[in-house]
1. Please go through the stretch B:134-160 and give me each residue that is of a type in the set (Gly, Ala, Ser) and surrounded by fewer than 21 Cβ atoms within 10 Å (Cβ to Cβ), ordered by number.
2. For the stretch B:222-245, does any single residue satisfy the condition of being surrounded by 14 or more Cβ atoms within 10 Å (Cβ to Cβ), among the hydroxyl-bearing types (Ser, Thr, Tyr) and under 51 Å from the mean Cα position of the chain (by Cα)?
3. In the set B:ALA168, B:ALA205, which member is at the interface with another protein chain (Cβ under 7 Å from one of its Cβ atoms), touching a helix residue (DSSP H, G or I) at 6+ places or on another chain (Cβ under 9 Å) and either modelled with pLDDT under 80 or not in a loop (DSSP other than H, G, I, E, B) (or both)?
4. A:GLU195 is checked against (1) touching a strand residue (DSSP E or B) at 6+ places or on another chain (Cβ under 6 Å); (2) in contact (Cβ under 8 Å) with a residue 40 or more places away in the chain; (3) surrounded by fewer than 24 Cβ atoms within 10 Å (Cβ to Cβ) and fails just one. What number does that condition carry?
5. Can you tell me which residue in the stretch A:30-53 is nearest to A:LEU96 (Cα to Cα), limited to those that are more than 8 Å from chain B (Cβ to nearest Cβ) and not β-branched (Val, Ile, Thr)?
6. Just the residues that are over 14 Å from A:ASP209 (Cβ atoms) and touching a Ser or Thr at 6+ places or on another chain (Cβ under 9 Å), please, taken from the stretch A:173-182.
7. Just to be sure before I move on: is B:ALA181 closer than 29 Å to A:GLU78 by Cα, away from chain A (no Cβ under 12 Å) and at pLDDT below 90 in the structure I sent?
8. Filter the stretch A:116-145 down to the residues that are under 13 Å from the mean Cα position of the chain (by Cα) and in a loop (DSSP other than H, G, I, E, B) and list them by number.
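The values are calculated or read from the model by the stated rules, or taken from the named source; none is laboratory data. Bear in mind that the values here come from a model prediction, so they are computed numbers and not experimental data. Glycine also receives a Cβ, built like all others from the backbone with ideal geometry; neighbour counts cover every protein chain displayed.
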Amino acid sequence: MPDRGLGRRALLALVLATGAGCGSADASDAQSWRTVSSSRQKWDEKALDVKVEYGAGRLTVAPADRPLLYQFQMRYDEGQVVPVTEYDRETGKLRLGMESRDRERGLRVNRVRNESRADLHLARDVPMDLRLEFGAGQAELDLGGLSMRRLRVSTGASETRLTFRSANLVQAESVRMEAGAARFEAVGLGNARAERFEFQGGVGETVLDFGGAWDRNATAKVSMGIGALRLRFPRDLGVRIVKDSFLTRFDGSGLVKRGGAYYSRNWESAPNRLTVEVDAALGSIDIDWIDR
Amino acid sequence: MRTDTVMVRTVLLAAALLGAAGPALSAQEPATEPVRREVEAARQEARAAAAHEMEEARAEVAHELAGTRVEVAEARREVGRATAQARGTGVSVLTGDHVVGPGEVVQGDMVVVEGDLTVRGEIRGNAVVTGGDLRLEEGGKVLGDAVVTGGQVLNRGGRVLGEMLTLAGEGAAVIPTAPRAPKPPPQVVRLSRSSWFDDIGQGIAGIFSTLAFGMVLAGIGAGIVFYGIPYLRAVSDTVRKQTGRSAAVGLAASFLVIPAFVLLIVALAISIIGIPVLLVAVPLYPLAVVAALGFGLLAVAHVIGEYTAEQRGSFDFNYRNAYAYVFFGIGLLLAPLLAGHVIGMVGFIGWVGTLLKVLGALILLAAATLGMGAVILSRAGTRPPVARDFDPVLDGDPLFDVDADARRPNA
């Protein structure tokens, strides 16, 4: 297998180079758009370790409808970026995304942000760890209905919406979210069925919606730099908030302060409980309650 | 070729024998019976000889044909072996449509150019199609990757072990046909981590920018010492004697500077008389704030230099003067920044450099705030906090203090 791998890669590179060569002239000055589609069928995969690196553009991630391990389609400017599709069957490591052609100068975001696009569909029933690094642009991540064990989403200057429309097929260990100067919205985090949530925000507006089908107790650490943080909880969830903030307005409606923490009224009787540690510098923290 | 030659030779021999006997028989028509018998015997002998020759020729031809068939079969076997070997280790490149039928197994890669590839059998390498579609029918199998450029992978029940990859272009490079409005300069997002050389470059740039800032401050400071030493001393004395008040006023001013600006604009805008003043006040206000910050920073630098000289106990005339105070103070204020840039170039302790740079920036901010408070309290140096003690070294020298005579206690 290894001896064939080299030849295979060389062959693919040759074909891709031949195909790409048609429009590569003056690629540095003019934009030459290409669409690459990569997918794999499921065989006997036990787990998947997915890493998606997407510099700029519009990105969507959703569960796959067909029996595929993954399906990735990307429209990109050939003069600026190179598509990346790497998979190691032995280790289950899957790497998808784009790399800048000019590593020194980086990616000229304005040129590709508006027209670049990538759509990723992932297998529902293969347990996976997903690391998603997103630079600038818009991201729509619907990760409900997957078998997510660990999730880490890092965004830069972007507008990101992370949703769990349906319940995760397995209980997740952790969901970690990092946002730079961004608008970040996570909806239905309860459906993630995670034991631990973490959010680190820089500057911007953040909404963390913990709605969904809760079936366990969990903790959440929320660290916010400068900006507005809105936390949404379902009414039947027991919520405890420990706040450490500086120059931050806190609207704790529906919560009762006891000791150094804020408790929901159903804390003692709730079937599932969530403890949230909030650390915020400048801005505001608002609490909303979701009626089912 | 040899077979033809033997046959021709046999026919010619028979013809020669028959031709030689014919004329002899016709010339001797009235010959006797014994002669006729001899002729007949000769004819039979000639026929037998010709038949024998013919038989030998036929045998020879048959033998040669058999050899040729063996050679052809051998050649075919060689071609078969070579083809099988080529498929097992290399690439089969075909043009036009091609079908891998049910039960057919292709050992290596298969490349189809300008045509569709239909797979009903098995390809044990990669299936590559350029300028066509790859059709995976029921039972079709590709054990490598399925790669298509200029077409698509149409899967109707086939299996691919590797990656299914399609690449499509969108025609020629897109060049704007109409001139567009100039775009803002592109943002740069570094996807790769900065290298050691980047750290050095940033460090050198930081050192130069800090030195340039220091030289500008020193130039302005020298000008103030030369032209306005009393004002500088008054602010400097305010910093020393009313440090707490100066800091509080400076902090309050830094918070109020923008609301005060807005208030000023509103107040001037609602009055008819104020509108012309507004035109002057809008550009002058930010300038005044910057000037206050700079003047205050230089006053703090002066204090640092003066205090250091006092602590040293050195009253050397060459060094104990306002120029030296200001220059020394500026150097001391910028030292953490410079050290931060230098240490930041060393990769593994770069974080110490970052800490020092942050510390340096905070020190500068604090010094400017404190100084601005002193500038406000002393009304830009026109109101000294208290009467300054007479300094025989400095105040006695008109070069450094024009009002020395007036301020001499016994004057």
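1. B:GLY139, B:GLY150, B:GLY151, B:GLY157
2. no
3. B:ALA168
4. Of the numbered conditions (1) touching a strand residue (DSSP E or B) at 6+ places or on another chain (Cβ under 6 Å); (2) in contact (Cβ under 8 Å) with a residue 40 or more places away in the chain; (3) surrounded by fewer than 24 Cβ atoms within 10 Å (Cβ to Cβ), the odd one out for A:GLU195 is (2).
5. Kept after step one, since they are more than 8 Å from chain B (Cβ to nearest Cβ), are these residues of the stretch A:30-53: A:42, A:44-52.
Within this subset, residues satisfying the condition of being not β-branched (Val, Ile, Thr) are A:42, A:44-49, A:51.
Values: A:LYS42: 17, A:ASP44: 20, A:GLU45: 18, A:LYS46: 19, A:ALA47: 16, A:LEU48: 13, A:ASP49: 11, A:LYS51: 6 Å.
Here the answer is A:LYS51.
6. Within the stretch A:173-182, the first condition is being over 14 Å from A:ASP209 (Cβ atoms), and the residues that meet it are A:173-174, A:176, A:178-182.
Hits for the stretch A:173-182 are A:ARG176, A:GLU178, A:ALA179, A:GLY180, A:ALA181, A:ALA182.
7. Numbers: closer than 29 Å to A:GLU78 by Cα: yes; away from chain A (no Cβ under 12 Å): yes; at pLDDT below 90: yes.
Spelling it out, B:ALA181 is indeed closer than 29 Å to A:GLU78 by Cα, away from chain A (no Cβ under 12 Å) and at pLDDT below 90.
8. Matches in the stretch A:116-145: A:LEU143, A:GLY144.
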